[in-house]
Amino acid sequence: EAVTLFDSIYLIKLTGPIITDPHLKTELVYKGLDRPVSMAFLGPNDMLVLENHKGTVQRIVNGIKLPGPLLDVNVAVHDGLLGIAVAKNVTLNGSHARTYVFLYFTEARNEDHEDDNHTIGNRLYRYELAENGSKLVNPKLLLDLPSGATHNGGPVTIGPDNNVYIAVGELAYADRQPPHKNKAINYNEGLDPDGASGILRVTMDGHPVGAILGNTYPLNLYYGYGIR
């Protein structure tokens, strides 16, 4: 890390996170992942980790990574895999209890790609954890949203109401007129809200839950708005 003080530059070598709270400590769990950006836990020492640009979901149990990824999706590598949430022991539509994994990512058409022309959009998918725990299967597309060159958002969580919440940015530098300006971030003359610039809420089947901006799609997705 380089620190500049007036006309001098000092290089500081950091050996790990700096912790000021004596009640906390850090411990290296696993080393060797490629741009890990988010994780969710299946158990106390059992985690799913997203490798952003590779579009892979890795499982690490007691500090050991499974031999292969649970999932490898085609991503636009300027953003890639962004968010993950896990819901365990869920019964939907009369089925037996399953573990569902929700993934939010910028999807590419055929393979991991840097070219925006290969980008489909931002997608929220629901997967099932296979019974042997080694794969994510049965993808279900819950949300098909526009994407931008940056500020695509990413955080995903399961709320206390058992609905899925995702945060989406304003999609800066997207192909928009005017660029990335819409009414959801209070540009009164901007484009109508299209799923950007908000916290969106859907059921685990992808259905809108309630409306604060309107009763039609995509207004009925918004739980909050004004998100950069």
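The values are calculated or read from the model by the stated rules, or taken from the named source; none is laboratory data. In this text, all values refer to a predicted model and were calculated from it rather than measured experimentally. Note that we place each Cβ from the backbone using ideal geometry, even for glycine, and neighbour counts take in every protein chain shown. Keep in mind that these areas ignore ligands, DNA and RNA; they rest on the heavy atoms of the full protein, side chains included. Shrake-Rupley method; radii C 1.70, N 1.55, O 1.52, S 1.80 Å.
Rounded to a whole number, what % of the accessible area of the range 107-222 do carbon and sulfur atoms account for, probe 1.4 Å?
45
For the chain, the tally of Lys pairs with Cα-Cα distances below 27 Å comes to 16, considering only residues 8 or more apart or on different chains.
In this label model, N215 and D21 are separated by 4.6 nm, measuring between points 7 Å along each Cα→Cβ vector. Of the two radii for the range 100-174, the radius of gyration is 1.01 times the Kirkwood radius, both from the alpha carbons; that is the Rg over Rh value.
Computed from phi, the 3J(HN,Hα) profile of the range 159-167 under the Karplus parametrisation 6.51, -1.76, 1.60 (θ = phi - 60°) reads x, x, 8, 6, 9, 9, 10, 10, 9 Hz, with x in place of Gly and Pro. Report relative contact order for the range 83-202 in percent, whole number only (criteria: Cα-Cα under 8 Å, sequence separation at least 6). Computed over the range 83-202, the figure is 19 percent.
Return a whole-number percent for the relative contact order of the chain, with Cα pairs under 8 Å and 6 or more residues apart as the contact set.
Values: 535 pairs, mean separation 24.8, N = 228.
This gives 11 percent for the chain.
Computed log10 I(q)/I(0) for the range 27-141 at 0.21, 0.22 Å⁻¹: -1.14, -1.22, from the Debye equation with unit scatterers placed on every C-alpha and solvent omitted.
Starting with the highest mean, order 42-50, 143-151, 72-80 by the number of other Cβ atoms within 10 Å, averaged over the residues of each peptide.
72-80, 143-151, 42-50
Convex hull volume of the C-alpha atoms in the chain, normalised per residue: 188 Å³.
Projected onto their three principal axes, the Cα atoms of the range 105-228 cover extents of 52, 37, 20 Å, largest first.
Hey, for a label at N89 modelled as a point 7 Å past Cα toward Cβ, could you say which residues of the range 134-173 have their backbone N under 17 Å away? Backbone N within reach: 160-162. Residues in the range 8-129 average 58 Å² of solvent-accessible surface per residue, probe 1.4 Å, ligands and nucleic acids excluded. The alpha carbons of the range 95-134 occupy a box of 41, 18, 12 Å along the principal axes, longest dimension given first. Each Lys or Arg adds one and each Asp or Glu takes one away; over the other residues whose Cβ falls under 13 Å from the Cβ of P67, this sums to +3.
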